[in-house]
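See structure below.
The values are calculated or read from the model by the stated rules, or taken from the named source; none is laboratory data. Since the model is a prediction, treat every value here as computed from it, not as a measurement. Methodologically, a virtual Cβ is constructed for each residue, glycine included, from the backbone with ideal geometry; neighbour enumeration extends over all protein chains shown. These accessible areas exclude ligands, DNA and RNA; they are computed on the full protein's heavy atoms, side chains included. Shrake-Rupley method; radii C 1.70, N 1.55, O 1.52, S 1.80 Å.
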Amino acid sequence: MMENSQVERLLLVCQNRTCKQQGSAKVLATFQTFDIPNITVEKSGCLGKCGSGPMVLVLPEEVWYSHVEPQNISAVMERHLLS
């Protein structure tokens, strides 16, 4: 439980079978290397977009990212998470 601050965003990285076969474990690990204030990165079960993975969902905005690869993560962060 966090004191005096709230998580503004939750970033979910699918770790279900199809996304995992498409490299989502590396995507999750890469996101977890960054310390971004007010953003929590968590693994998730199936996000229902099989075949478009690895899938990433940013809440509460419900912004979806598909076919995410570790080399794309800094661009996702700059465009969406750090703005």
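What to note about this one:
- Taking the criterion of being in a loop (DSSP other than H, G, I, E, B) and at pLDDT below 95, the residues of the stretch 23-35 that qualify are Thr33, Phe34, Asp35.
- Any hit, the stretch 73-81, residues being open to solvent by less than 80 Å² (accessible area, probe 1.4 Å), more than 20 Å from Arg9 (Cβ to Cβ) and not aromatic (Phe, Trp, Tyr): no
- Residues being at pLDDT below 95, outside any loop (DSSP other than H, G, I, E, B) and out of contact with any Ser or Thr (no Cβ under 9 Å at 6 or more places or on another chain) are entirely absent from the stretch 48-57.
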